[in-house]
Amino acid sequence: MLRLVPITCAVVLAVGSGGCGESDVSEADFQADVVAARNDADSGLEQIVQATSVEDLLERMRLAAIDVRGAASDVREAGAPEELEDERDALAARLLALSDEIIATVDTLEAFPEQAQNTNALNFAQWNAVQAELKKLRRQGIEVPPLERHKPEIQRQ
């Protein structure tokens, strides 16, 4: 019986301290994490429009998908005030879905190379879903900018 008491105390201490950090997260810390993840995702998306060939486009899309997936992981792992946990989880899910959509588009363009040659613009439905989640966060007081609409720079000759 003497052995059980120290083990029980250790378990109680470990369980008791497990959830404390989550509710102590400030809104400012959460905002900083979300803005950093948004910036990483946006940076990844921006590189797509700088492609100079179909092969370059597909590679840049793969890299963008990795950046967006990383942003999803960062959001998912970010501490959030209790009242913003649902919004955090929804944003992470939408970013992950956007990453998946980008990869699916790469797969489609690889399967139909003639389509890739004729592609002038890309539109991702999940981009809109991410924007909606960012807007919900702004309504909750989290100052996070929307994703940008990126266009290739005009090459002047």
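The values are calculated or read from the model by the stated rules, or taken from the named source; none is laboratory data. Note that the structure is a prediction, hence the values are computed from the model and not measured. Methodologically, a virtual Cβ is constructed for each residue, glycine included, from the backbone with ideal geometry; neighbour enumeration extends over all protein chains shown.
The figures follow:
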{"item": "Candidate set: segment 51-86, residues that are in contact with a helix residue (DSSP H, G or I) (Cβ under 7 Å, 6 or more places away or on another chain) and either among the acidic types (Asp, Glu) or part of a loop (DSSP other than H, G, I, E, B) (or both); chosen: the one modelled with the lowest pLDDT", "result": "51"}
{"item": "Test: residue in segment 94-105 that is surrounded by fewer than 16 Cβ atoms within 10 Å (Cβ to Cβ) and either outside any helix (DSSP H, G or I) or of a type in the set (Lys, Arg) (or both)", "result": "no"}
{"item": "Residues that are out of contact with any helix residue (DSSP H, G or I) (no Cβ under 9 Å at 6 or more places or on another chain), of a type in the set (Asp, Glu) and within 16 Å of residue 135 (Cα to Cα), drawn from segment 28-50", "result": "none"}
{"item": "Test: residue 68 is aliphatic (A, V, I, L, M) and over 30 Å from residue 24 (Cα atoms)", "result": "no"}
{"item": "For residue 114: the one exception among (1) of a type outside the set (Ser, Thr, Tyr); (2) surrounded by 11 or more Cβ atoms within 10 Å (Cβ to Cβ); (3) not in a loop (DSSP other than H, G, I, E, B)", "result": "(2)"}
{"item": "Top-ranked residue in segment 34-57 [being buried (at least 18 other Cβ atoms within 10 Å of the Cβ) and touching a residue at least 40 places away in the same chain (Cβ under 8 Å); ranked as farthest from residue 80 (Cα to Cα)]", "result": "57"}
{"item": "Flag if residue 89 is touching a Lys or Arg at 6+ places or on another chain (Cβ under 9 Å), part of a helix (DSSP H, G or I), more than 27 Å from residue 29 (Cα to Cα) and of a type in the set (Asp, Glu)", "result": "no"}
